[in-house]
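Working notes, structure below.
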Amino acid sequence: MTTVADFEPWSADVARDLVAGIAQGPGPGLLCLQAIQDRFGYVPADAVGLVAEACNVSRADVHGVFTFYSDLRSTPPPAIPVRLCAAEACQAVGGRELQRDWRRACQAAPDLADATGVDEPIFCLGNCALGPAAMVGRTLIGRASVESITLAVRAHTQGSGS
Ligand code: FES
């Protein structure tokens, strides 16, 4: 399971080296932004200009790509990110209720909320047959419930997450 501890602190010099090779390939803007997020956990505002320069496109072009893809984030992730699927197939099998119940669970357990941050909805995790689906760090959970999500978070907190 990937958590914030797995990411490096932001460094423009490291990011510049990281995107230098990617920027020469096809469709480099998104690939550069994804590489930066994979490395640092998020895409800081400074990275937009850096990617634009590397790819020889405008900042507006890179900003447009950045804002189009909801998986790209501009702030560091919480220690153990929890994302609940908000797409149709999961909504049909209780996704909205799970979101509501998860919010309530976090309100009742501040340590849980501190560790997982605010749930950021995601639109389809490719696990539609086992909805509602959730992602805890990079662990996919099918037929998710507050209990199974909490167990995954606690497992990671105790160092046994996968
Ligand atoms: S709709 Fe939720 S995983 Fe596809």
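The values are calculated or read from the model by the stated rules, or taken from the named source; none is laboratory data. Just so you know, these numbers come straight off a predicted model, no measurement behind them. In this analysis, Cβ positions are derived from the backbone assuming ideal geometry, glycine residues included, and neighbour counts consider all displayed protein chains.
Annotation note: Cβ proximity below 6 Å between a residue of the range 75-94 that is on the phi > 0 side of the Ramachandran plot and a residue that is in a loop (DSSP other than H, G, I, E, B) and near the ligand (Cβ under 9 Å from one of its atoms) (sequence gap 6+ or interchain) occurs for Gly94/Pro132. Give me the pairs: first residue in the range 116-132 and near the ligand (Cβ under 7 Å from one of its atoms), second residue in a loop (DSSP other than H, G, I, E, B) and at pLDDT 85 or above, beta-carbon distance under 6 Å, and six or more apart or on different chains, which are they? Close Cβ pairs satisfying both conditions: Cys124/Ala87; Leu125/Ala133; Asn127/Ala133; Asn127/Gly142; Gly131/Val93; Pro132/Val93; Pro132/Gly94; Pro132/Ala144.
Every residue, every condition in (1) of a type outside the set (Lys, Arg); (2) touching a Gly at 6+ places or on another chain (Cβ under 7 Å); (3) surrounded by 13 or more Cβ atoms within 10 Å (Cβ to Cβ), yes or no:
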| residue | (1), (2), (3) |
| --- | --- |
| Pro76 | yes, yes, yes |
| Ala87 | yes, no, yes |
| Arg96 | no, no, yes |
| Ala105 | yes, no, yes |
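Residues of the range 114-144 that are in contact with a helix residue (DSSP H, G or I) (Cβ under 8 Å, 6 or more places away or on another chain), crowded, with 17+ Cβ neighbours inside 10 Å and among the small types (Gly, Ala, Ser): Ala115, Gly131, Ala133, Ala134, Gly137, Ala144.
Among residues of the range 22-45 being loosely packed, with under 13 Cβ neighbours inside 10 Å and either part of a helix (DSSP H, G or I) or among the aliphatic types (A, V, I, L, M) (or both), the one that is farthest from the chain's Cα centre (by Cα) is Ala45.
Under 25 Å from Phe40 (Cβ atoms), outside any loop (DSSP other than H, G, I, E, B) and not aliphatic (A, V, I, L, M): is that true of Asp119 in this structure?
Numbers: under 25 Å from Phe40 (Cβ atoms): yes; outside any loop (DSSP other than H, G, I, E, B): no; not aliphatic (A, V, I, L, M): yes.
No; evaluated as a whole, the condition is false for this residue.
For the range 48-66, the set of residues classified as within 22 Å of Pro9 (Cβ to Cβ) and either in contact (Cβ under 8 Å) with a residue 40 or more places away in the chain or under 17 Å from the mean Cα position of the chain (by Cα) (or both) consists of Phe66 only.
A quick yes/no check of all residues on (1) touching a Ser or Thr at 6+ places or on another chain (Cβ under 9 Å); (2) of a type in the set (A, V, I, L, M, F, W, C); (3) not assigned by TED's automatic domain parsing to the domain that holds Gly137:
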| position | (1), (2), (3) |
| --- | --- |
| Pro77 | yes, no, yes |
| Arg96 | no, no, no |
| Arg104 | no, no, no |
| Gln107 | no, no, no |
| Asp111 | yes, no, no |
| Thr116 | no, no, no |
| Asp119 | no, no, no |
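Do we find that Asp17 is free of Cβ contacts under 8 Å to residues at least 24 places away in the same chain, charged (D, E, K, R) and either surrounded by 14 or more Cβ atoms within 10 Å (Cβ to Cβ) or away from the ligand (no atom under 16 Å from the Cβ) (or both) in this structure? When the stated conditions are applied, Asp17 passes them.
Among the candidates Ala155, Ala113, Ala105, single out the residue that is part of a helix (DSSP H, G or I), closer than 13 Å to Leu84 by Cβ, away from the ligand (no atom under 16 Å from the Cβ) and of a type in the set (A, V, I, L, M). Full working, then the answer.
Working: Ala155 fails: closer than 13 Å to Leu84 by Cβ; Ala113 fails: closer than 13 Å to Leu84 by Cβ.
Result of the check over Ala155, Ala113, Ala105: Ala105.
Got at least one residue in the range 134-146 being among the hydroxyl-bearing types (Ser, Thr, Tyr) and in a strand (DSSP E or B)?
Within the range 134-146, the subset among the hydroxyl-bearing types (Ser, Thr, Tyr) is 139, 145.
Right, trim to in a strand (DSSP E or B) and you get 139.
Yes, that holds for at least one residue.
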